[in-house]
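Presented below is the structure to which this report refers.
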Amino acid sequence: MSNLPNCPKCQSEYTYEDGSLLVCPECAHEWTLESGAPEAEEQRTYKDANGKILTDGDTVTIIKDLKVKGSSSVLKVGTKVKNIRLVDGDHDIDCKIDGFGAMKLKSEFVKKV
Ligand SMILES: [Zn+2]
């Protein structure tokens, strides 16, 4: 899983991360990954439970019972959710569900219709 840069001092490829620092075990050099690295921001893709790509405006159904935070309600399997909006975050689907209002869901618990 190493896509860390080589040590800038000795070119060792065995660098590892220690918090926000990068550390070289061979020459003990420590440095930080500065911003401005030419790493292209990766476009996030959102996939449902079957690996299908989700896009804004899709209709999905829920594939497992989900507890609704802060209430005793449960979103049942098969609940249809229209017009989803994809957002960045752990819960990556913003939506409104009849009877529940605004909700956030995880894409791994839905299936594109
Ligand atoms: Zn080194």
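Details
- Residue order, fewest to most surrounding Cβ atoms within 10 angstrom, among 20, 107, 73: 20, 73, 107
- Positive-end residue, the chain charge dipole about Cα centroid, Cβ charges, pick of 62, 15, 31: 62
- The chain: translational diffusion in µm²/s, Stokes-Einstein, Kirkwood Rh over Cα pairs, 37 °C, 0.692 mPa s: 191
- Measuring max minus min along each principal axis, the C-alpha atoms of region 62-113 give extents of 26, 23, 18 Å (largest first).
- Mean separation of Cα contacts under 8 Å, 6 or more apart, over the residue count of the chain: relative contact order %: 19
- Projected label distance in nm at residue 29 and residue 96, using a 7 Å step from Cα toward the beta-carbon: 5.6
- Placing pseudo-labels 7 Å out from each Cα toward the beta carbon at residue 13 and residue 83 gives an inter-label distance of 5.2 nm.
Read-outs throughout are calculated quantities, based only on the coordinates presented, and are distinct from any laboratory measurement. Every value quoted in this text rests on a predicted model; they were computed, and no experiment measured them. Here the Cβ is made from the backbone with ideal geometry for all residues, glycine too, and neighbour counts use every protein chain on show.
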